[in-house]
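The structure appears right after this line, and notes come after that.
No lab work stands behind these numbers, since they all come straight from the coordinates. Everything quoted here is computed from the prediction, not taken from an experiment. All Cβ positions, glycine included, derive from the backbone under ideal geometry; neighbour counts span all protein chains shown.
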Amino acid sequence: MPRISTIQLYDRATSSIGESRDRESITSQKASTLKEIVRPSDDPRGWAVAQQIKDELSIQDTLSRNAALARHVLTATEDIFKQATDHVERVYELGLASIYKGQDVRTAALQEVEEVYESVIHALNARYGSRTLLGGFKSDKPAFNADGEFLGDGGSIEIELERGQRIPININGKAAISGSGQSGAVNITEVFQRLIEGLKSGDHELIGSTFPDFQKAVSQLTSVRTEIGARMNRIDRVLSSYEMESVERKEAIAELEEADPVKVFTDLARDQTALKATLDTAHKILTEVPPDKLFR
Amino acid sequence: MAIDNILEIGRSGLLAQQEAMQTTSNNISNVNTKNYSRQRAELNARGANTNFGWRASGGGVDVGRTIRIHDQFIQRQVLEESKAFGSLKARTESLDRIEGIAHHGLTDLSERANEFFSNFRELSLNPELPALRVAVKESAVNLTDGFRKTADSLENLRNETDLRIAATVDEVNLRAQELAELNRRITGVPANQEPPHELMDRRDGVVADLSKMLGVSVSYDERNTMNIVIPGVGILVHGAEFNELSTSRTPGKDADHSGNIDLFLKTSGGFQYATRGIPEGELGGLLKVRDETITSTLESLDRVAHSFMKKVNEIHRGASGLDWDSDFAGDFFETQESPEGAAFAMKLNGALEKDPSLIMIGYESDAPSDNRVALEIAGLQDDRFVFEGEGVNKASTLNESINSIISAIASQTHGSRQIFAHQGEILDQLENYQKSVSGVSLEEEAVNMMQYQAAFNAAAKTMHAGDEMLETILNLV
């Protein structure tokens, strides 16, 4: 049977109270913060995983913000091409309606076509903030001059939509409007100018030569709008997947870092009871047992 | 048998019980004295008195000696386990502090890095907006501040650890001096006298403290002198002589940084280098934390900062084939040749700081929407360009590297805390056993007291009876 010295009783009481107090303090901290991981060393692996997810979430937030902004840019670009399509269809109608009519009708048509042409050039130079949308990298100047000449460059402005995945957010005006480098494409401003010239001179042949080109132009503009739509769809899909992933990631972080309130408060009640019991026991052992009784 | 013998035997009983009572009283008085080992009076029956022919009767009782109840084997085990305990205690406490600093500093740094990349992403979306260049510049300055602040905190922690090392060395010297003095007093007691139990208890206490602080080897010679050796370094205490441990600060790498404190053992032959020779005890733990954990954390931070600066500069410089005014060299961060001290010295190129419009966003001049450089720099967030060390193939992203620094410290802290708790239990058990053997039990002493008191009373009664017998005889005359 082991011998128990008096100092052991006091030491044991002190260390038991210390241990109980320590446990109660850790659980209280968890209860007050509702966090399972207060410091990385509480669960190094869990912390590292949670931190990785938090970093991904932070990157995703930026990418989401960028994607939402890019969507606005593409919407504004799509508006340009919608307007351009409307204008092309209108001048095509005017050309058709006036080709075999008298000079007065052609003059009236010419006036309207010239106005539409100006509107087209104006639309093609539309800006988003300080940026000319169709100018490529050279976005601080108009994309087209009054003669329909392209002033920008072929720069493709990309943004990072997903990690490591980029998407262009501009449309190359040179290709989309001037038809440069596109097989079967037409230079839309040149077609406009040809029609104006035909209407001015009353050259039926010249006017007639623009009709198939206007049809091509509509198709050319439609395909650009389709491309923009496809990019917007891709952005929408990514944004929607970001939303879902964000919820999942936040849940994963909560699972790793946050404490289960029921468990924490049950543990707290248990630890408080244990501390009280330890204090009571220590009091009993140290005050209500010999040697006092022996020394009476 | 003469009646006066009865009186003499009674007297010896009275004296012996009184002396035993004195030992009990001394035990009770020292019940709470640290390192005190209980004592027991050893009572010996006096030899037979043969003055009256063949019939031998006892001659009373003597207190042979006072025994110190002490287990040398347990004491040695306690000393052994104390070395590891002291080292783990210092290591765990320091790691807790490092973790606190690293967790807050590096998590903040990681957020600053995210902000930096996020601003570059926004700039890539709106490259023509001057305000976003300012935001990029600010986030770059914030990031460099974050690196510097974290490196500075770790440097401060290293200096703090040095102060603790110096304070512990002072404490070691005091203990060594005390031990030498105790040796002198213990060996000064003549051999025919009772051994100085209290001094031996004190000496055991001092050596236990020393073992926790330093991790020492203990040996005794034939005169019961305790000699203390720091393994691999030299003699700390030899008899009544002791060698002092001293500290000296090595030169720092530059004016902003002081060097480390190194330890030397001052012997008659000169100064013996001791820093590497102290793996155990609090000093060993502190040195390990300073020279391994803090140093490697700082090195990792420097490596991360250097790799990051280099990579950003490569991209930024690649785009700088333009007309630059002033002396702007095209780097985004001020160039650092070596990773050493890179985190502390990290700084945004002064020209960019003054004029954020010099921040390169694209490769073409006169093309405000050329965002390719901004995109490349933003893309670094996912680029595994930080290598763990020279020749290490495993590379990580900036944030992964920062997180892995915290993870490494967290794992060390977690592990150290567990081992420390385990070591604490081992030491507790041994100390508990030691107290169980050597500690005073008041109940036991109360019983002893009653026992000696009863014997004392009985001895007095035998003397009283002898006195009455003598009086009866005298009355016959």
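Remarks
- Computed from Cα atoms, the angle from the helix B:72-125 axis to the main principal axis of chain B rounds to 20 degrees.
- The share of alpha-carbon pairs in the protein assembly as shown lying farther apart than 50 Å comes to 49%.
- Other residues whose C-beta falls under 13 angstrom from the C-beta of residue A:56 contribute a net charge of -3, scoring Lys and Arg +1 and Asp and Glu -1.
- Rel. contact order, % - alpha carbon contacts under 8 angstrom, at least six apart, chain B: 24 percent
- Karplus (6.51, -1.76, 1.60) ³J(HN,Hα), θ = phi - 60°, over region B:2-11, in Hz, Gly and Pro reported as x: 7, 5, 5, 5, 4, 5, 5, 4, x, 5
- The calculated 222 nm mean residue ellipticity attributable to helices in the protein assembly as shown amounts to -22500 deg cm²/dmol, summing -39500 (n - 2.57) over DSSP H runs of n ≥ 4 and dividing by all residues.
- Descending by average beta-carbon neighbour count within 10 Å, the peptides B:302-308, A:33-39, A:51-57 line up as B:302-308, A:51-57, A:33-39, the highest first.
- Per-peptide packing, taken as the mean over residues of other Cβ atoms within 10 Å, places B:108-119, B:222-233 in the sequence B:108-119, B:222-233 from highest down.
- Angle between chain A longest axis and helix A:103-124 axis [Cα atoms, degrees, rounded to 10]: 20 degrees
- Each Cα pair under 8 Å and six or more residues apart adds its separation to the average, and for chain A the resulting relative contact order is 27 percent.
- With a threshold of 26 Å on the Cα-Cα distance, the over-threshold entries among A:30/B:212; A:35/A:250; A:54/B:89; A:30/A:284; A:138/B:347; A:284/B:212 are A:30/B:212; A:54/B:89; A:30/A:284; A:138/B:347; A:284/B:212.
- Loop-located trypsin sites (Lys or Arg not before Pro) in region B:381-477, at most 11 other Cβ atoms within 10 Å (DSSP): B:394
- Calculated diffusion of region A:50-254, Stokes-Einstein form, Kirkwood radius summed over Cα pairs, 10 °C and 1.306 mPa s, µm²/s: 85 µm²/s
- Applied to region A:63-73, the Karplus parametrisation 6.51 cos²θ - 1.76 cosθ + 1.60 on θ = phi - 60° returns per-residue 3J(HN,Hα) values of 4, 5, 4, 4, 5, 5, 5, 4, 4, 4, 4 Hz, with x for Gly and Pro.
- Counting, for every residue in A:136-146, the Cβ atoms of other protein chains within 10 Å of its Cβ and taking the mean gives 3.
- Computed over neighbours whose Cβ is under 13 Å from that of residue B:78, the net charge equals -3, Lys and Arg +1, Asp and Glu -1.
- Amide H contacts of residue A:144 (H built 1.01 Å from N, under 5 Å, at least 5 apart or other chain): A:151
- Proximal aspartates and glutamates relative to residue A:174, as straight alpha-carbon distance under 12 Å, when same-chain residues fewer than 8 apart are discounted: A:149, A:153
- For the listed peptides A:221-229, A:236-244, a ranking on the average number of other beta carbons within 10 Å per residue, highest first, reads A:221-229, A:236-244.
- Counts of other chain beta carbons within 10 angstrom of each beta carbon in peptide B:374-385 average 2.
- Per-residue mean of foreign Cβ neighbours for A:150-158 is 4 (Cβ atoms of other chains, 10 Å radius).
- Between the helical axis of A:6-33 and the longest alpha-carbon principal axis of chain A there is an angle of about 20 degrees.
- Residue B:266 sits among other residues whose Cβ lies under 15 Å from its own Cβ, and their net charge, with Lys and Arg +1 and Asp and Glu -1, is -4.
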